[in-house]
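For reference, the structure discussed in these notes is given below.
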Amino acid sequence: AALFPRELMECSSPSGHSNPPPKAVSLDRTTLSIANESLADLSYLIVGNTPLNKSGEEDVEDVGDLFVARYRICFSTFARLSSCGKVDRTMETRFASSKYDAFRSAFVKAGLLMAVPVIVFSGLAAAKQQWLRLGLLAGFVAPLYLMYALLTVTRKKAYLSFSGTICERLLVALLSAQSVAIVFAEFQRRRPTFGMLSLHVAFVCNFAPLREGDICIITAGFAIPAYLIFSFKRFQEASNSDGTSDSQLCHGMAQGSTVLMDMVLPPVVLLYQLLVSTWRDKSMRLNFLGREQVRGNRKRHKAEQQKCEDLLASMLPAEIINSLKQGEPVDPQSFNDVTVIFVQICDFSEMCSSVSPESVISVLNIVYLELDRLSDLLHVYK
């Protein structure tokens, strides 16, 4: 930076040379292959080619103008300032895919743990001869929990590619069907509770690697409506209980009041779990965006550092550069036998007086690039 203007540093190629104007240098593929074999990077001489990264890594997507915005009242999404706050679909896809990797271990463990109480409740249903409830829990709900864990472990590659595919739609459908089956099984009991349904919704909201919209479909689209339908049916049965005595009347009112509380409290708890999952999703988006920004800054810093090192390598021998990096003094070296080439452009003064400065710079640039190419091919100092 102390030697060259900022504009020249910014337009420098990875090998430290300023890019020639279009059609200034004609480089055939044979010369390029010879140069590559001799570790000389001449890709910047190909007109129309973009310089390659030294590390072979892909360019990092620009995340500088990305931010987490509110989407459809309570959801969150990635948006760009440069596009007036429009949703960035590419970042959404990357975030959704990263959730499958982050939730993999928790999804397996939670699936196995959820199968245990379902199997226990199946045994209780068998002891009470509740055959329909036994069939739903032991034949549908518990096997699905075990299937989630088994497929996630044995089909890791397929599991990590679920995002945005028909397999993800199938997973949402199965979790939704589980919600309805759990509600139907619970109302086969004389005194139903919403404990198992609450556990299932907690499993979906906290351990399933799904998008916010899919979690909302399972919870607010299937679990809560199914519970309200069966609760309303039970409430109607309690309201229709006839009684003539005061004790029977009080018993009916108490039973109706209990059913009414069962209709109000569980949906509130389930909705609260859904709301907490949206808050968690927003925090995950902020952390993901922060990691991507740090990753991008590191790669850009690495690329700029490599550019500066290449520019320095075009002027000084490698031994001197290494000594300067380590803070060691650079001692003069003596060579007994050397060959020195002096190059002069004939009639350079007349050329400078007859052509434009831009043309002079273009000619000098071509000469220097060719001398650099030959120096790289022959492994000599320049």
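The values are calculated or read from the model by the stated rules, or taken from the named source; none is laboratory data. The structure displayed is predicted, hence computed values, not measured ones. Note that each Cβ is placed from the backbone with ideal geometry, even for glycine, and that neighbours are counted across all protein chains shown. Calculation scope for accessible area: heavy atoms of the full protein, side chains included, ligands and nucleic acids excluded. Shrake-Rupley method; radii C 1.70, N 1.55, O 1.52, S 1.80 Å.
Some observations on this one:
- The modelled label-to-label distance between SER349 and ILE166, using points 7 Å beyond Cα along the C-beta direction, is 8.1 nm.
- Couplings for the range 196-204, taken from phi via the Karplus curve 6.51 cos²θ - 1.76 cosθ + 1.60 with θ = phi - 60°, read 5, 5, 5, 5, 5, 5, 5, 4, 5 Hz in order; Gly and Pro are left as x.
- The range 341-381, accessible area per residue, ligands and nucleic acids excluded (1.4 Å, Å²): 78
- Rounded accessible area per residue of the range 113-181, 1.4 Å, Å²: 53
- Calculated FRET efficiency, LEU124 to ALA158, Cβ-Cβ distance, R0 = 30 Å: about 0.25 to the nearest 0.05.
- Applying the criteria of a DSSP loop state and at most 12 other Cβ atoms within 10 Å to the trypsin sites (Lys or Arg not before Pro) of the range 157-208 yields ARG190.
- Karplus-derived 3J(HN,Hα), 6.51/-1.76/1.60, for each residue of the range 159-167, Hz, glycine and proline x: 4, 5, 9, 5, 4, x, 10, 5, 5
- Annotation: extensible slack from ASP101 through CYS74 equals 7.3 nm (criterion: 0.36 nm per residue apart, minus Cα-Cα distance).
- Taking each residue as 0.36 nm, the span from GLU319 to PHE140 lengthens on full extension beyond its C-alpha to C-alpha distance by 57.3 nm.
- Heavy-atom accessible surface of the range 341-381: percent carbon and sulfur, 1.4 Å: 64
- For SER83 and ARG298, the FRET efficiency from 1/(1 + (r/R0)^6), where r spans their Cβ atoms and R0 equals 25 Å, is about 0.45.
- Most to least packed among 110-119, 173-182 [average Cβ atoms within 10 Å]: 173-182, 110-119
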